[in-house]
Amino acid sequence: MGTVLTFGTFDVFHVGHLRILERAAALGDRLIVGVSSDDLNISKKGRAPVFPQGERLQLVAALRCVDAVFLEESLQLKRHYLSEYDADLLAMGDDWRGRFDEFADICKVVYFERTPAISTTALIEKIRL
Ligand code: CTP
């Protein structure tokens, strides 16, 4: 299927992150990951990530299933990133189901089921307690 693109913050990296990246990579020849910037995460989730963007980029780039990473600076630039990286497929978790169907004119859009019972937010809460 050629080039697969996915996006996310990938803060406090956990197995749900690994699984979506492995499943996305399995759909194509190479996987490129847009890692949300610190500012984008603040606007999206109302808090700064635990790990700064440079470290999150480094962690995701080091994974065997990931071929390249870039910094995602705005949710409004999805179409631009998809064409810039020549994506054949956009893979997202199903918390975003339907939200990216508008890009079906330039690439295939696939939603994966989230891994149950784990999230960055839940991990932060657990560590706090
Ligand atoms: N993801 C997943 N399964 C999980 C958690 C995340 O498949 N249990 C996927 C999301 O659907 C998304 C990608 O991993 O496509 C990056 O998600 P991100 O928002 O960075 O992680 P969350 O754990 O969902 O973070 P938060 O709790 O801050 O929303």
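Quick note: the coordinates plus some simple rules give every number you see, no bench work behind them. Every value quoted in this text rests on a predicted model; they were computed, and no experiment measured them. Here the Cβ is made from the backbone with ideal geometry for all residues, glycine too, and neighbour counts use every protein chain on show.
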Please state the shape class of region 33-121: rounded when a/c is under 1.5, otherwise prolate if a/b exceeds b/c and oblate if not, all from the C-alpha gyration tensor.
rounded
If amide H atoms are modeled at 1.01 Å from N in the peptide plane, then the residues at a separation of 5 or more from VAL69, or on another chain, having amide H under 5 Å from its own are VAL33
To the nearest 0.05, what FRET efficiency results for GLU84 and ILE127 with a Förster distance of 25 Å applied to their C-beta separation?
0.10
Just from its helices, what would the mean residue ellipticity at 222 nm be for the chain, if runs of 4 or more DSSP H residues each count -39500 (n - 2.57) and the sum is divided by every residue, rounded to the nearest 500 deg cm²/dmol?
-10000 deg cm²/dmol
Would you grab the residues whose amide H sits under 5 Å from the one on GLY93? Only those 5+ places off in sequence or on another chain, please, with H modelled 1.01 Å from N.
PHE112
Report ³J(HN,Hα) in whole Hz for each residue of region 102-113, in order, from the Karplus equation J = 6.51 cos²θ - 1.76 cosθ + 1.60 where θ = phi - 60°; Gly and Pro get x.
5, 8, 5, 6, 10, 7, 6, 10, 10, 10, 9, 4
Within the chain, longest stretch clear of exposed GluC sites (Glu not before Pro) (DSSP loop, no more than 16 other Cβ within 10 Å)
1-72
Dipole of the chain, positive end: most advanced residue of THR9, PRO116, MET92 [Cβ charges, Cα centre]:
PRO116
Just name one of ILE20, ILE127, GLY54: the one whose Cα is farthest towards the positive end of the charge dipole of the chain (beta-carbon charges, Lys/Arg +1, Asp/Glu -1).
ILE127
